[in-house]
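Presented below is the structure to which this report refers.
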Amino acid sequence: MHHDADRCVRAVQSKDARFDGWFFTAVLTTRIYCRPSCPVVPPKPENMSFYPSAAACQQAGFRACKRCRPDSSPGSPEWNQRADLVARAMRLIGDGVVDREGVPGLAGRLGYSTRQVERQLLAELGAGPLALARAQRAQTARLLIETTTLPMAEIAFAAGFSSIRTFNDTVREVFALAPGELRARVPKTAAPKPAAPGVLSLRLPFRAPLTPDNLFGHLIATAVPGVEEWRDGAYRRTLRLPYGHGVVALTLTPDHIACRLSLNDLRDLTIAISRCRRMLDLDADPAAVDGQLRADPLLAPLVDKAPGRRVPRTVDEAEFAVRAVLGQQVSTAAARTHAARLVTAHGEPVDDPEGGLTHLFPAPEALAALDPEALALPRSRRTTLTTLVRHLADGSLRLGVESDWDEARARLMELPGFGPWTVEVIAMRALGDPDAFLPSDLGIRRAAQELGLPHTPAALTARAAAWRPWRAYAVQYLWATDEHPINTIPA
């Protein structure tokens, strides 16, 4: 979008928050970059320049605006809806791969050379992987500076910087303020209170509107005991992270998601935030999604009634694949029971002083050696489950933010017991494909029949072609017509 200067100028002049994260406005006279909804008086059009990322602005020598905080705007929804190399790379960078494995590690996960990845990112985003990761580190550092009482040295390493000097230099360059000055600018009423070691309270922004009942309702209704729970108005769960584990509590407020993270290693902060945002689909573009679906006269009433539905996703793709198999042809309650048994037998115990979380969901390596006879499942489903975890454990099947969606579908379909429903639900909720579709799902067919849509899989798929590339969101609207616990947040 940043190439369409006229459209960008209109968005800036109208202070349209829907475009926050889609592009950034650099002001040539002040050398400051802003989000489109910046509250200051818009600059003259001839003084505006537009960039696709905060990193590109920083590369060009612009500093972040102190009013609109462009570095903390919701992420571009483009990386969620696309499956090409650049989108996969951006999802991995957001997941902290460059900080942990470097650019060679990023390229290796994508299956391309380092030079090819750098060339494509530079061509589309105006910045290479190191600059993009640096911009993310700066954003994480600012978040920690302003919302915690952590010492600056701890913040530097938690944000992914290799040294305190690099941290200080980067913060000064990006924000035109020293780290201590950034903390001093926080109003006293909003100043962070001391918290327990490793506990952080953060704000996760999203694009409005957001209808939360199916989003939180789905996560709560399918919660695995010991791994997830609904407590005191917050969805809580354990997280398996590269350097350790964590516990997150997520609470909806009118303009953001309140996120309380407890980590046993602060280096996991970036990836924990990324996974929580991904699970709640916070970088979605509801204006684009609802605009497309509203064009169908039979879907329009559902969209108008509750706009901004999100796709409930996952923090662990392998975990969700296992749970999808356990949920084949059984009720939600039965699927939870089967998952809870696996957790008790093979999960890693954790301490949770604030609630009732007891385990991490078992890793594929822990499940690869399980005895099929110990599973209270039909023999065919035992084979499906053990085959899946074996392929996940040995790396021959990779489900992650770097996955090619079509290739992952093909690999899953090769496994015994995997049909279109299981593959598509994994594509929708684990891989994050916004166009995944479940025409054979019983709830979808029942909703389609009640609305007057075709209800046979083939006919419904043909009709749903007009909903592309947002069919996963259409699924949420159709599911929400049913009085099922997944569509209700408990009182």
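The values are calculated or read from the model by the stated rules, or taken from the named source; none is laboratory data. Computed from a predicted model, the values in this text were never measured in an experiment. So basically every Cβ, Gly included, is an ideal-geometry build from the backbone, and we count neighbours across all protein chains shown.
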Would you say Val186 is part of a loop (DSSP other than H, G, I, E, B) and either among the β-branched types (Val, Ile, Thr) or assigned by TED's automatic domain parsing to the domain that holds Leu397 (or both)? yes
Taking the condition under 26 Å from the mean Cα position of the chain (by Cα), of a type in the set (Gly, Ala, Ser), closer than 22 Å to Asn487 by Cα and modelled with pLDDT of 90 or more, does Gly308 pass? yes
If only one of Ala366, Ala427, Ala436, Ala376 is surrounded by fewer than 16 Cβ atoms within 10 Å (Cβ to Cβ), in contact with a helix residue (DSSP H, G or I) (Cβ under 8 Å, 6 or more places away or on another chain) and not assigned by TED's automatic domain parsing to the domain that holds Asp95, which one is it? Ala376
I'd like the full set of residues that are within 24 Å of Ala184 (Cβ to Cβ) and in contact with an Asp or Glu (Cβ under 6 Å, 6 or more places away or on another chain), limited to segment 104-151. Gln139
Of the conditions (1) surrounded by 15 or more Cβ atoms within 10 Å (Cβ to Cβ); (2) not assigned by TED's automatic domain parsing to the domain that holds His484, Glu228 satisfies every one except a single condition; which number is it? (2)
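Identify the residue in segment 147-168 that is part of a helix (DSSP H, G or I) and among the small types (Gly, Ala, Ser) and, among all such residues, is nearest to Ile273 (Cα to Cα). Don't jump to the end; show me each part of the working.
Initial filter on segment 147-168 (part of a helix (DSSP H, G or I)): 147, 152-158, 164-168.
Of the ones still in play, those that are also among the small types (Gly, Ala, Ser) are 153, 156, 158.
Details: Ala153: 20, Ala156: 17, Ala158: 12 Å.
Only one residue fits best here, namely Ala158.
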Of all residues being touching a Cys at 6+ places or on another chain (Cβ under 9 Å), over 14 Å from Arg69 (Cβ atoms) and outside any loop (DSSP other than H, G, I, E, B) in segment 5-43, which is modelled with the lowest pLDDT? Just the residue, please. Phe19
In segment 363-374, the residues that are within 32 Å of the chain's Cα centre (by Cα) and without any contact (Cβ under 8 Å) to a residue 24 or more places away in the chain: Ala366, Ala369
Does Arg119 fit the bill of being basic (Lys, Arg) and more than 27 Å from Pro286 (Cβ to Cβ)? yes
Being in a loop (DSSP other than H, G, I, E, B) and either among the aliphatic types (A, V, I, L, M) or in contact with a Ser or Thr (Cβ under 8 Å, 6 or more places away or on another chain) (or both): is that true of Ala462 here? no
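Residues checked against (1) without any contact (Cβ under 8 Å) to a residue 40 or more places away in the chain; (2) within 19 Å of Cys276 (Cβ to Cβ); (3) surrounded by 17 or more Cβ atoms within 10 Å (Cβ to Cβ):
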| residue | (1), (2), (3) |
| --- | --- |
| Ile145 | yes, no, yes |
| Thr170 | yes, no, yes |
| Glu181 | yes, no, no |
| Ala208 | no, yes, no |
| Leu219 | no, yes, yes |
| Thr222 | no, yes, yes |
| Tyr235 | yes, yes, yes |
| Val247 | no, yes, yes |
Checked against (1) under 30 Å from Ala465 (Cβ atoms); (2) surrounded by 18 or more Cβ atoms within 10 Å (Cβ to Cβ), Glu407 satisfies every condition except (2)
Within segment 302-321, does at least one residue satisfy the condition of being without any contact (Cβ under 8 Å) to a residue 60 or more places away in the chain and surrounded by fewer than 21 Cβ atoms within 10 Å (Cβ to Cβ)? yes
Can you report the number of residues in segment 28-42 which are surrounded by fewer than 22 Cβ atoms within 10 Å (Cβ to Cβ), touching a residue at least 24 places away in the same chain (Cβ under 8 Å) and among the aliphatic types (A, V, I, L, M)? 1
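Identify, please: which residue in segment 44-81 is among the hydrophobic types (A, V, I, L, M, F, W, C) and in a loop (DSSP other than H, G, I, E, B) and is, among those, surrounded by the fewest Cβ atoms within 10 Å (Cβ to Cβ)?
Applying the filter and picking the extreme gives Ala60.
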Which residue pairs have Cβ atoms closer than 7 Å, lie 6 or more positions apart in sequence or on different chains, and pair a first residue in segment 71-84 that is within 13 Å of Trp470 (Cα to Cα) with a second residue that is hydrophobic (A, V, I, L, M, F, W, C) and in a loop (DSSP other than H, G, I, E, B)? Pro77/Ala284; Asn80/Ala284
Name the residue, out of Pro52, Pro45, that is within 29 Å of Arg398 (Cβ to Cβ), of a type outside the set (Ser, Thr, Tyr) and in contact with a helix residue (DSSP H, G or I) (Cβ under 9 Å, 6 or more places away or on another chain). Pro52
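How about segment 203-277: which strands (runs of 3 or more DSSP E) wholly inside it have at least 2 residues that are more than 24 Å from Leu144 (Cβ to Cβ)?
Values: elements: 228-231, 234-241, 244-252, 256-263.
Passing ranges, in order: 228-231.
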Only residues that are under 25 Å from the mean Cα position of the chain (by Cα) and closer than 22 Å to Ser331 by Cβ: list them for segment 408-435, please. Pro420, Trp421, Thr422, Val423, Glu424, Val425, Ile426, Met428, Arg429, Ala430
Residue check: is Ala288 of a type in the set (A, V, I, L, M, F, W, C) and out of contact with any helix residue (DSSP H, G or I) (no Cβ under 7 Å at 6 or more places or on another chain)? yes
